[in-house]
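Undergrad: What follows is a structure written as structure tokens; I'll ask about it next.
Only the coordinates and a few stated rules stand behind these numbers; no lab work does. Given the structure is predicted, the values throughout are model-derived calculations rather than measurements. Please note: Cβ atoms are built from the backbone with ideal geometry, for glycine as well, and neighbour counts cover all protein chains shown.
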Amino acid sequence: MIALLSGGVGGSRLAAGLYDLVGERLVVIVNTADDEVIYGLYVSPDVDTVLYALSGIGDWERGWGIRGDTFRCNETIGRLGFENWFKIGDMDLAVNLLRTKMLREGMSLSEVTGELARRMGIRCRVIPMTDFWVETRVVTKEGTMSFQEYFVKRGTAPEVLEVRRVRSPDEAPAPGVVESLTSAQAIFFAPSNPILSVRPILETKGVEEAIRRSGAVKVAVSPIVGGRAMRGPADRLMVAFGYEPGVVGVAQFYEGLIDGLVIDRADEELAGTIRSRFGIEVLVTDTLMTSREAARWLAGEVLNFAVRLGGTRG
């Protein structure tokens, strides 16, 4: 079994590549700290991005949503004078309507996610990190805002001072999360934003402990290439929260948790620094997943790296 901790775009692409190679042996544990109620609907952006990528219906070029989707509903909301900055496509809207309906009928988020995955023909498990509501509040120089306000409405422009997570004291990992981590042969950390996407999963009660306790080999793929995040504000946030710039900061974030780090050829000169300072083995390769074929190739590189580190069988 292969467990992948995933955020949105980068995580969904690596998930798709791994799925093509290992099929139902893959378990994807997805961040839900970005979830929000939009237009009265429960929207789970990272979960849906993973589902769409795995099922092959996602818009690979854009990175989110469904390929070929239209936005007539969203456009109508704007014409009627309401805010419509959060773009939900018409086919995407159907998924969010069904999620909200099933949740209101008493199903848990993990049950809903499993049902949606099954109906999309996905053979591996996709599990939200928790069934409990987790809210991310981003404190900026322009005030405190929800994650989606910061990320989508403001385009990550405001300078971030603090990221707060509001979590239930009764929160627990979703069923299957800890069990998957405990029994996995390899645990991979996707090239997702460490602060906004990976940390919320690690903060879920019992998750980091399960990872540390697991005998699996642990490998992270850097979301930063040549000192810059491929998408989103990961590079800026890493520095803002006290980590060193670039891939060295990624290694610093994962220090003590991983055996290996995959970095792009653009950062090859920093491989020796990572090995000597953090005791982390490094694979230097091409990490840009511009197509599903490229994602499958990178997934193969990551799997082979894990094998060389001694944690998995081919």
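Undergrad: Averaging over every viewing direction, what projected area does the convex hull of the Cα atoms of the range 148-261 cover, in nm²?
TA: Dividing the Cα hull surface by four gives the mean projection, 7.7 nm².
Undergrad: Sticking with this one: What is the angle, in °, between the Cα long axis of helix 292-308 and the longest principal axis of the Cα atoms in the chain? Nearest 10 is fine, range 0 to 90.
TA: 40 degrees
Undergrad: Cross-link partners among lysines for Lys218, C-alpha distance below 30 Å, same-chain residues fewer than 8 apart left out?
TA: Answer for Lys218, where 30 Å is the Cα cut-off: Lys205, listed by chain and number.
Undergrad: Return the label of the correct value of P(r) over Cα pairs in 20 Å bins from 0, in percent, as calculated from the structure shown, out of (1) 34, 60, 6; (2) 35, 55, 11, 0; (3) 31, 58, 11.
TA: (1)
Undergrad: Where does helix 45-55 land angle-wise versus the long Cα axis of the chain, in degrees 0 to 90, nearest 10?
TA: 70 degrees
Undergrad: Take the alpha-carbon centre of the range 114-142, take the same for the range 230-244, and report the distance between them in whole Å.
TA: 23 Å
Undergrad: Same structure, new question: Rounded to whole Hz and in sequence order, give me ³J(HN,Hα) for the range 122-138 from the Karplus expression 6.51 cos²θ - 1.76 cosθ + 1.60, θ = phi - 60°, writing x for Gly and Pro.
TA: Once θ is set to phi - 60°, the couplings for the range 122-138 become 7, 8, 8, 8, 10, 10, x, 4, 7, 8, 8, 6, 10, 10, 9, 10, 9 Hz.
Undergrad: Check which residues have an amide H placed less than 5 Å from Arg137's amide H, if you skip close sequence neighbours.
TA: Amide H to amide H, under 5 Å and 5 or more residues apart or across chains, Arg137 pairs with Arg164, Arg165, Val166.
Undergrad: Another question, if that's okay. Which cross-chain or sequence-distant (5 or more) residues have an amide H under 5 Å from the amide H of Arg228, H modelled 1.01 Å from N in plane?
TA: Result for Arg228 returns nothing.
Undergrad: So, one more: Give me the percent of DSSP beta bridges within the range 1-111 that run antiparallel, rounded to the nearest 5.
TA: 45 percent
Undergrad: Excluding residues fewer than 8 places away in the same chain, name every one of the lysines whose C-alpha is closer than 23 Å to that of Lys153.
TA: Qualifying lysines at Cα under 23 Å: Lys87, Lys141.
Undergrad: Quick one: compute the contact order of the chain, relative version, from alpha carbon pairs under 8 angstrom and 6+ residues apart, as a percent.
TA: RCO, the chain: 20 percent.
Undergrad: Further, regarding this structure: In what sequence do Leu80, Leu14 fall when counting other Cβ within 10 Å, fewest first?
TA: Leu80, Leu14
Undergrad: Rounded if a/c is under 1.5, else prolate if a/b beats b/c, else oblate: with a ≥ b ≥ c from the C-alpha gyration tensor eigenvalues square-rooted, which is the range 1-54?
TA: Verdict is prolate for the range 1-54.
Undergrad: Tell me, Met129, Met289 in order of fewest to most beta-carbon neighbours within 10 Å?
TA: Starting with the residue having the fewest Cβ neighbours, the order is Met289, Met129.
Undergrad: Divide by every residue of the chain the summed helix terms, -39500 (n - 2.57) for each DSSP H run of at least 4, and state the resulting mean residue ellipticity at 222 nm, rounded to the nearest 500 deg cm²/dmol.
TA: Taking each H run of at least 4 residues, the total per residue is -11000 deg cm²/dmol.
Undergrad: Which residue, Ala240, Ala184, Ala16, has the most motion in a Gaussian network model of the chain that connects Cα atoms within less than 10 Å?
TA: Among Ala240, Ala184, Ala16, the largest mean-square fluctuation in the Gaussian network model of the chain belongs to Ala240.
Undergrad: May I ask you to list the chymotrypsin sites (Phe, Trp or Tyr not before Pro) in the range 91-150 that are in a DSSP loop and have at most 16 other Cβ atoms within 10 Å of their Cβ?
TA: Trp133
Undergrad: Select from the range 14-77 those chymotrypsin sites (Phe, Trp or Tyr not before Pro) which occupy a DSSP coil region and have at most 13 other Cβ atoms within 10 Å, ordered by residue number.
TA: Loop-located and lightly packed - none at all.
Undergrad: Ordered by residue, what ³J(HN,Hα) values in Hz, to whole numbers, does the range 183-193 give under the Karplus form 6.51 cos²θ - 1.76 cosθ + 1.60, where θ = phi - 60° and Gly and Pro are x?
TA: Result, rounded to whole Hz: 9, 5, 7, 9, 10, 10, 9, 5, x, 10, 4.
Undergrad: Another question, then. Averaging sequence separations of C-alpha pairs under 8 Å and six or more residues apart, then dividing by the length of the range 233-279, give the relative contact order as a whole percent.
TA: 31 percent
Undergrad: Another one. Over the range 170-314, what is the relative contact order in percent, taking alpha-carbon pairs closer than 8 angstrom and at least six residues apart?
TA: 22 percent
Undergrad: Quick one: work out the % antiparallel among DSSP beta bridges in the chain, nearest 5.
TA: Restricted to the chain, the bridges split so that about 40 percent are antiparallel.
Undergrad: Now for a different question. Round to a whole angstrom and tell me the spacing of the C-alpha centers of the range 1-24 and the range 250-271.
TA: The two parts, judged by their Cα centres, are 19 Å apart.
Undergrad: Apply the Karplus curve 6.51 cos²θ - 1.76 cosθ + 1.60, θ = phi - 60°, to the phi angles in the range 194-205 and return the couplings in whole Hz, x for Gly and Pro.
TA: x, 6, 8, 10, 7, 4, x, 5, 5, 6, 5, 3
Undergrad: Also, quick follow-up: For the range 27-67, state the semi-axes of the equivalent ellipsoid (square roots of 5 times the eigenvalues of the alpha-carbon gyration tensor), sorted largest first and rounded to whole angstrom.
TA: Sorted largest first and rounded, they come to 18, 13, 8 Å.
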